[in-house]
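Below is one structure, written out as structure tokens; comments come after it.
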Amino acid sequence: MDITLNNQISTLTQFIESGGLSLGFSDMGRRITHIPREQFIQFELAETPYPLPLQQQAWFGLTISDPEEPQIDPMIWFIRFPLDEQGKLQLSARDDFMHQLMERLGNNLLPGDNGEKIETALQDNPYAFQPKSERLAVFHARMTHALKRPVSRFHNHAKDYFDGQLGWDQWSFIGYQGIADLAARIGQKGNSKRIANSIPFLPPSPLEVLCHCLENEVIPESLAHALTLKADLTLQQTTPNPQILTAVIRGLSQSCSEEIRNSLMLRILDHPISSRTDMLAAIAGRAWECLNDASLCRHYLERLANNEMGQDFFNGILSDLLYLPATRDAMQSIIRDPQRSEKLSGVIGEFFSSVRG
């Protein structure tokens, strides 16, 4: 297979697929999740905004495989591109990236003979990045599951722990990869029940790791109920543990039941602890879909206006949510709402003053 660059090829997808290689696309910023091919191509052509921007950049992973050798694990590239004010790809960055890629790979490449060349193509490339180890664990768990590859050697140990066989205080011996493997396979027989049954007994730290993995999965109602009960019991305490609540916010973010998720978010926002920046950041950063509920969105912005760190934190979160395609309309609607509180009106005014300044 030859990869040949010509005047008709201007995007990374076109370049790689022109040689007969297959590509998979995953967001690596807000949530480790699949991006449909056509959606990614539209982004590469700057026709649509990146669906899940983070810090005004697109963070994504590419899996590159040879369909003629499906038994070989795909190569993986992690790339980040800057976005313009509309959340679309900066074409100058794309062109610069392609130029650097061509300098390293050349116009013709035979993957079968030069696999190492593809592997190292992004070495020292300013657009490449290395995800944190926790994010890599989730990415590999999801990839091996999708490709029907064997699970890691940590998987069975994690299953034993969540079955309660090792003792709930023995969480420090459980590998992060094993928990990620379990979460990625939540749809397999017994796993959802196994995890749901463990929730009442989990100490805060393993619950946090679990929820950081679950935030990338659509979870069933049974597990959503277990997480909700954990959060409600925590809210009833004299001094609720914020580690538990932020974990549940993230773990519940893709609940198949919006009603279960949104009702818990409202109960959290009704509690004084919701003025904490970690609570507010967890909702905006991982459970942003709940903000499409008008009542919840209004409640959230009122809490954000009264956060414990003040105007700068408000500005950062609101800017992020206005930049995110999924929440932009909801944010703009509340900003224009004449019924908003005097406090919220004031901080919104300060926000736009800082933007204009």
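Do you know which of the residues in the range 297-330 that are of a type in the set (Gly, Ala, Ser) and buried (at least 18 other Cβ atoms within 10 Å of the Cβ) is farthest from the chain's Cα centre (by Cα)?
Of the residues in the range 297-330, the ones of a type in the set (Gly, Ala, Ser) are 305, 310, 316, 319, 326, 330.
Next cut, buried (at least 18 other Cβ atoms within 10 Å of the Cβ) only: 305, 330.
On the way: Ala305: 25, Ala330: 20 Å.
Per the stated criteria, the residue is Ala305.
Just one of Ser257, Ser198, Ser222 is farther than 12 Å from Ala287 by Cβ and assigned by TED's automatic domain parsing to the domain that holds Gln170; which is it? Before you say what the answer is, go through the steps one by one.
Values: Ser257 fails: assigned by TED's automatic domain parsing to the domain that holds Gln170; Ser222 fails: assigned by TED's automatic domain parsing to the domain that holds Gln170.
Checking each option against the conditions leaves just Ser198.
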Could you list, ordered by first residue, the pairs with Cβ atoms under 7 Å in which the first is in the range 328-339 and not assigned by TED's automatic domain parsing to the domain that holds Pro51 and of a type outside the set (Lys, Arg) and the second is modelled with pLDDT of 90 or more and not in a helix (DSSP H, G or I), at least 6 apart or interchain?
Ile334/Arg340
Is one or more of the residues making up the range 95-105 at pLDDT below 95, outside any strand (DSSP E or B), under 30 Å from Trp288 (Cβ atoms) and among the basic types (Lys, Arg)?
no
Of Glu289, Glu259, Glu217, Glu208, which residue is at pLDDT 95 or above, among the charged types (D, E, K, R) and not in a helix (DSSP H, G or I)?
Glu217
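Condition check ((1) farther than 24 Å from Cys297 by Cα; (2) under 17 Å from the mean Cα position of the chain (by Cα)) across all residues:
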position	(1), (2)
Ile186	yes, no
Lys193	yes, no
Ser205	yes, no
Cys211	no, yes
Glu215	no, yes
Gln236	no, no
Ile244	no, no
Arg250	no, yes
Ile260	no, no
In the range 119-151, anything closer than 20 Å to Glu215 by Cα, part of a loop (DSSP other than H, G, I, E, B) and without any contact (Cβ under 8 Å) to a residue 60 or more places away in the chain is listed as Lys132, Val151
Can you confirm whether the range 159-168 contains a residue that is surrounded by fewer than 20 Cβ atoms within 10 Å (Cβ to Cβ), in contact with an Asp or Glu (Cβ under 9 Å, 6 or more places away or on another chain), of a type in the set (A, V, I, L, M, F, W, C) and not in a helix (DSSP H, G or I)?
yes
Please pick out the residue among Arg142, Arg149 that is outside the structural domain of Phe60 (by TED's automatic domain parsing), exposed (fewer than 13 other Cβ atoms within 10 Å of the Cβ), within 23 Å of Val218 (Cβ to Cβ) and within 24 Å of the chain's Cα centre (by Cα).
Arg149
Could you check how many residues of the range 271-283 are out of contact with any Cys (no Cβ under 9 Å at 6 or more places or on another chain) and buried (at least 20 other Cβ atoms within 10 Å of the Cβ)?
4
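Can you tell me which residue in the range 18-35 is modelled with the lowest pLDDT, limited to those that are closer than 23 Å to Leu136 by Cβ and in a loop (DSSP other than H, G, I, E, B)? So that I can check it myself, show each step before the final result.
Restricting attention to the range 18-35, the residues satisfying the condition of being closer than 23 Å to Leu136 by Cβ are 21-35.
Keeping just the survivors that are in a loop (DSSP other than H, G, I, E, B) gives 21, 28-32, 35.
Details: Leu21: 88, Met28: 97, Gly29: 95, Arg30: 94, Arg31: 95, Ile32: 97, Ile35: 97.
Checked the range 18-35; the qualifying residue modelled with the lowest pLDDT is Leu21.
The values are calculated or read from the model by the stated rules, or taken from the named source; none is laboratory data. Predicted model only: the values in this text are computed from it and were never measured. Neighbour counts run over all protein chains shown; Cβ positions are idealised from the backbone, glycine included.
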